[in-house]
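Visitor: Have a look at this one.
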Amino acid sequence: MEKKKRGMSITAKQKTAGWLFLTPATVLLVIMSFYPIIQAVFTSFKTGSSANMQWANPLTYNYSRMFADTIFQTAMKNTFLYLIIQVPIMLVLAMLLAQLLNNKDLKFKGFFRTCVFLPCATSLVSYSLIFKSLFATQGLINTILVKLGIFAENYNFLGTPTSAKVIIILALLWRWTGYNMVFFLAGLQNIEYSVYEAAKIDGASSWQTFWHITVPLLKPTIVMTAIMSINGTLQLFDESVNLTSGGPANATITMSHYIYNNSFGNGVANFGYASALSFIVFIFVAVLAFINMKVGDTRD
Amino acid sequence: MIQRRLIPSYIFLSIVSFISVFPLFWMVTAATNNTVDVARGKIWFGDQAAVNLSNLLAGQDLWGALGNSFFYAGVQTIVAIFVCSLAGYGFELYHDKYKDKLFSVLLLAMMVPAVATMIPLFKMMAKCGFLNTVWAFMLPTISTPFLIMMFRQNSRNFPVDVIEAARIDGLSEFKIFFQMYMPIQRSTYAAAAVITFMNSWNAYMWPRVVMTDNRAQTMPMLIANLAAGYTVDYGMLMMGVLFCTVPTIIIFFILQKQFAEGITGAVK
């Protein structure tokens, strides 16, 4: 098929048509992604309010300011904390669930799958508010814990730095585990059943089968879901804003949230500084995408 | 019937299923209770739904925000799947080394985090007078590497012979796309539409930046405002959250297969 297509003589008319098909999407991506990111780099070297911005003096002012900014350092630490704790737990859980659901003897498979997948249908703001209400000082979780006698009195989950972080991680796990499970299910369904049968005949235990057959064959899926999740966590915004408002005292704020606060938050329009901060996020995401491409290349 | 050795699996899956569903169940029941009962830990349905709804309507333009969300997400979905399917089709079926190069350049857009382009895009939208319009809402995310890649991957098994035959019959290149490609790729369009609509409906950061006028606000913005005050009426809040969540949950139940396909989209 491929050879035949290459061998065909393509008329000029077809050639033009081919380019025309690409034009709208390409133009939009250039104007809406590539041009703005270059603009952002220029803006990161400027100071002043949005209407009259000038080159910063010294030029790297915004960047040196960043290194002295303890809130940004907290934001960066928080983001990486969420990432390091939440992503591995979520992926292991997602893989385990997919493995259980892929068992052909399991009944009510569709029911379980739908339940686990359901949180993906809720918007990020919605579930943040649901979790905020559930874990409120006068919320359901507190009521239950007090009634069961586990806590003597209502605990301010969202007002305490450590527990607020834990709640954000729990919320993220709730929202995204089913999402990632779908990828693993698709990956597992691509593995030929005969491979497992061969392993069975060779006397492999189910743990050995999982570790030596399933995991290596799922490697592309694991890499992809890991990259996607890391990317999502690096850009975390909705949960930080709506679940904890970044508080107490910036203890749970994320990088994107802090950048937003600097650019569009309460009357501050510090576009230059915010752009410098966002450039850091850009570098993290770019490095990640680069790793993705490198790993992706070895797959083919 | 149920195999013994699978009992731990059933127990584990039941627990995870319960945890997954409970917060949403609670959202529904809380929307029917007053804030005192919600705080007291009542988890069953109450009779305050009408009161919560009227409180919500008194303070917020619920129908306006709901209409906005449907309008923005609907328009964005149609435009995005059209633009990206054109590109995916073009990249796959007319591919040569220049187009392949261009494709890998466009993929670089995946590296660009939304928060980094937010300020320049905001200025651009303000300059063009697009603030508080569907243009500002959708323009940055109409063309996405994800959707282009999804359509490109799914065009791979599109029969080239059919195109050849159509050309011999004298069909123009664009007619081939509209009359042959689009109908054949129905399932790809469905999956792409579901995922685009959901993403667009749920969008929060960007709308918050450009939809500054209350009359232009979306559902996620409305419910976020509800929770921003010092005292929160939980019954009313959950009623708002319910309105924001029900449309996507309905889509989820009707089109679950397409949704799953849409998520895994470009991976095959």
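The values are calculated or read from the model by the stated rules, or taken from the named source; none is laboratory data. Note that the structure is a prediction, hence the values are computed from the model and not measured. Glycine also receives a Cβ, built like all others from the backbone with ideal geometry; neighbour counts cover every protein chain displayed.
Visitor: Among the residues that make up the range B:153-163, is at least one of them within 30 Å of A:Ala289 (Cβ to Cβ) and crowded, with 18+ Cβ neighbours inside 10 Å?
Guide: We begin by selecting, within the range B:153-163, every residue within 30 Å of A:Ala289 (Cβ to Cβ); these are B:153-158.
Now narrow it down to the ones that are crowded, with 18+ Cβ neighbours inside 10 Å: B:154-155.
Scanning the range B:153-163 turns up at least one residue that is within 30 Å of A:Ala289 (Cβ to Cβ) and crowded, with 18+ Cβ neighbours inside 10 Å.
Visitor: From (1) on the phi < 0 side of the Ramachandran plot; (2) facing chain B (nearest Cβ under 10 Å); (3) without any contact (Cβ under 8 Å) to a residue 12 or more places away in the chain, pick out the condition that doesn't hold for A:Gln208.
Guide: (2)
Visitor: I'd like the full set of residues that are under 30 Å from A:Thr177 (Cβ atoms) and surrounded by fewer than 17 Cβ atoms within 10 Å (Cβ to Cβ), limited to the range A:47-80.
Guide: A:Gln73, A:Lys77, A:Phe80
A quick yes/no check of all residues on (1) in a loop (DSSP other than H, G, I, E, B); (2) more than 25 Å from B:Thr188 (Cβ to Cβ); (3) in contact (Cβ under 8 Å) with a residue 12 or more places away in the chain:
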{"site": "B:Ala73", "(1), (2), (3)": "no, no, yes"}
{"site": "B:Val79", "(1), (2), (3)": "no, no, yes"}
{"site": "B:Glu92", "(1), (2), (3)": "no, no, yes"}
{"site": "B:Asp100", "(1), (2), (3)": "no, no, no"}
{"site": "B:Ala109", "(1), (2), (3)": "no, no, yes"}
{"site": "B:Met118", "(1), (2), (3)": "no, yes, yes"}
{"site": "B:Met125", "(1), (2), (3)": "no, yes, yes"}
{"site": "B:Met150", "(1), (2), (3)": "no, no, yes"}
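Visitor: What is the one condition in (1) surrounded by fewer than 23 Cβ atoms within 10 Å (Cβ to Cβ); (2) more than 9 Å from chain A (Cβ to nearest Cβ); (3) farther than 21 Å from A:Ala121 by Cα that B:Lys257 does not satisfy?
Guide: It is condition (3) that B:Lys257 fails.
Visitor: What do you reckon, is A:Ser256 within 19 Å of B:Ala224 (Cβ to Cβ), within 8 Å of chain B (Cβ to nearest Cβ) and buried (at least 22 other Cβ atoms within 10 Å of the Cβ)?
Guide: Details: within 19 Å of B:Ala224 (Cβ to Cβ): yes; within 8 Å of chain B (Cβ to nearest Cβ): yes; buried (at least 22 other Cβ atoms within 10 Å of the Cβ): yes.
The answer is yes for A:Ser256.
Visitor: Could you please give the count of residues in the range B:39-71 that are in a helix (DSSP H, G or I) and under 30 Å from the mean Cα position of the chain (by Cα)? Steps first, please.
Guide: Within the range B:39-71, the subset in a helix (DSSP H, G or I) is B:39-40, B:49-59, B:62-71.
Those left that are additionally under 30 Å from the mean Cα position of the chain (by Cα): B:49-50, B:52-59, B:62-71.
Total meeting the criteria: 20.
Visitor: In the set A:Phe72, A:Phe111, A:Phe80, which member is at pLDDT 90 or above, more than 22 Å from A:Ile230 (Cβ to Cβ) and either touching an Asp or Glu at 6+ places or on another chain (Cβ under 6 Å) or not basic (Lys, Arg) (or both)? Before the answer, list the steps.
Guide: Working: A:Phe72 fails: more than 22 Å from A:Ile230 (Cβ to Cβ); A:Phe80 fails: more than 22 Å from A:Ile230 (Cβ to Cβ).
From the options A:Phe72, A:Phe111, A:Phe80, the qualifying one is A:Phe111.
Visitor: For the list (1) more than 12 Å from chain A (Cβ to nearest Cβ); (2) farther than 24 Å from A:Ala171 by Cα; (3) surrounded by 14 or more Cβ atoms within 10 Å (Cβ to Cβ), I need the number of the one condition that B:Thr32 fails.
Guide: Result: B:Thr32 fails condition (2) only.
Visitor: Would you mention how many residues in the range B:68-110 are among the basic types (Lys, Arg) and facing chain A (nearest Cβ under 9 Å)?
Guide: Initially, the range B:68-110 is screened for residues among the basic types (Lys, Arg), giving B:97, B:99, B:101.
Applying the additional criterion that residues be facing chain A (nearest Cβ under 9 Å) yields B:99.
The total comes to 1.
Visitor: Still on this structure, I have one more. Can you pull out the residues in the range B:228-240 that are outside any loop (DSSP other than H, G, I, E, B) and not hydrophobic (A, V, I, L, M, F, W, C)?
Guide: Here is the first cut: in the range B:228-240, the ones outside any loop (DSSP other than H, G, I, E, B) are B:234-240.
Result: B:Tyr234, B:Gly235, B:Gly240.
Visitor: Please determine, by comparing only the residues of the range B:127-140 that are in a helix (DSSP H, G or I) and more than 8 Å from chain A (Cβ to nearest Cβ), which one is farthest from A:Ser44 (Cα to Cα). Steps first, answer last, please.
Guide: Kept after step one, since they are in a helix (DSSP H, G or I), are these residues of the range B:127-140: B:127, B:134-140.
Now narrow it down to the ones that are more than 8 Å from chain A (Cβ to nearest Cβ): B:127, B:134-138.
On the way: B:Lys127: 20, B:Val134: 28, B:Trp135: 26, B:Ala136: 23, B:Phe137: 25, B:Met138: 25 Å.
So, considering only residues that are in a helix (DSSP H, G or I) and more than 8 Å from chain A (Cβ to nearest Cβ), the one farthest from A:Ser44 (Cα to Cα) is B:Val134.
Visitor: So, in the range B:171-189, exactly how many residues are crowded, with 17+ Cβ neighbours inside 10 Å and either in contact with a Cys (Cβ under 6 Å, 6 or more places away or on another chain) or closer than 20 Å to B:Thr264 by Cα (or both)?
Guide: 3
Visitor: Sticking with this structure for a sec: Please indicate, with yes or no, whether at least one residue in the range A:186-196 is assigned to a loop (DSSP other than H, G, I, E, B) and surrounded by 19 or more Cβ atoms within 10 Å (Cβ to Cβ).
Guide: We begin by selecting, within the range A:186-196, every residue assigned to a loop (DSSP other than H, G, I, E, B); these are A:190-192.
From the residues that got through so far, the ones that are surrounded by 19 or more Cβ atoms within 10 Å (Cβ to Cβ) too are none.
Checked the range A:186-196: no residue is assigned to a loop (DSSP other than H, G, I, E, B) and surrounded by 19 or more Cβ atoms within 10 Å (Cβ to Cβ).
Visitor: Mind listing whichever residues of the range B:227-250 are within 8 Å of chain A (Cβ to nearest Cβ) and surrounded by 21 or more Cβ atoms within 10 Å (Cβ to Cβ)?
Guide: Passing the criteria: B:Tyr234, B:Leu237, B:Met238, B:Val241, B:Cys244, B:Thr245, B:Thr248.
Visitor: Would you call A:Phe72 aromatic (Phe, Trp, Tyr), in a helix (DSSP H, G or I), out of contact with any strand residue (DSSP E or B) (no Cβ under 9 Å at 6 or more places or on another chain) and within 9 Å of chain B (Cβ to nearest Cβ)? Walk me through how you get there before you give the answer.
Guide: Values: aromatic (Phe, Trp, Tyr): yes; in a helix (DSSP H, G or I): yes; out of contact with any strand residue (DSSP E or B) (no Cβ under 9 Å at 6 or more places or on another chain): yes; within 9 Å of chain B (Cβ to nearest Cβ): no.
When the stated conditions are applied, A:Phe72 does not pass them.
Rundown of residues vs (1) buried (at least 16 other Cβ atoms within 10 Å of the Cβ); (2) under 27 Å from A:Tyr155 (Cα atoms), yes/no style:
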{"residue": "B:Asp37", "(1), (2)": "yes, yes"}
{"residue": "B:Arg40", "(1), (2)": "no, yes"}
{"residue": "B:Asp47", "(1), (2)": "no, no"}
{"residue": "B:Leu53", "(1), (2)": "yes, no"}
{"residue": "B:Leu56", "(1), (2)": "yes, no"}
{"residue": "B:Gln60", "(1), (2)": "yes, no"}
{"residue": "B:Leu66", "(1), (2)": "yes, no"}
{"residue": "B:Ser69", "(1), (2)": "yes, no"}
{"residue": "B:Gly74", "(1), (2)": "no, no"}
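Visitor: Another question, if that's okay. Based on this model, can you work out whether B:Leu147 counts as within 10 Å of chain A (Cβ to nearest Cβ) and under 25 Å from B:Leu255 (Cα atoms)?
Guide: Values: within 10 Å of chain A (Cβ to nearest Cβ): yes; under 25 Å from B:Leu255 (Cα atoms): yes.
When the stated conditions are applied, B:Leu147 passes them.
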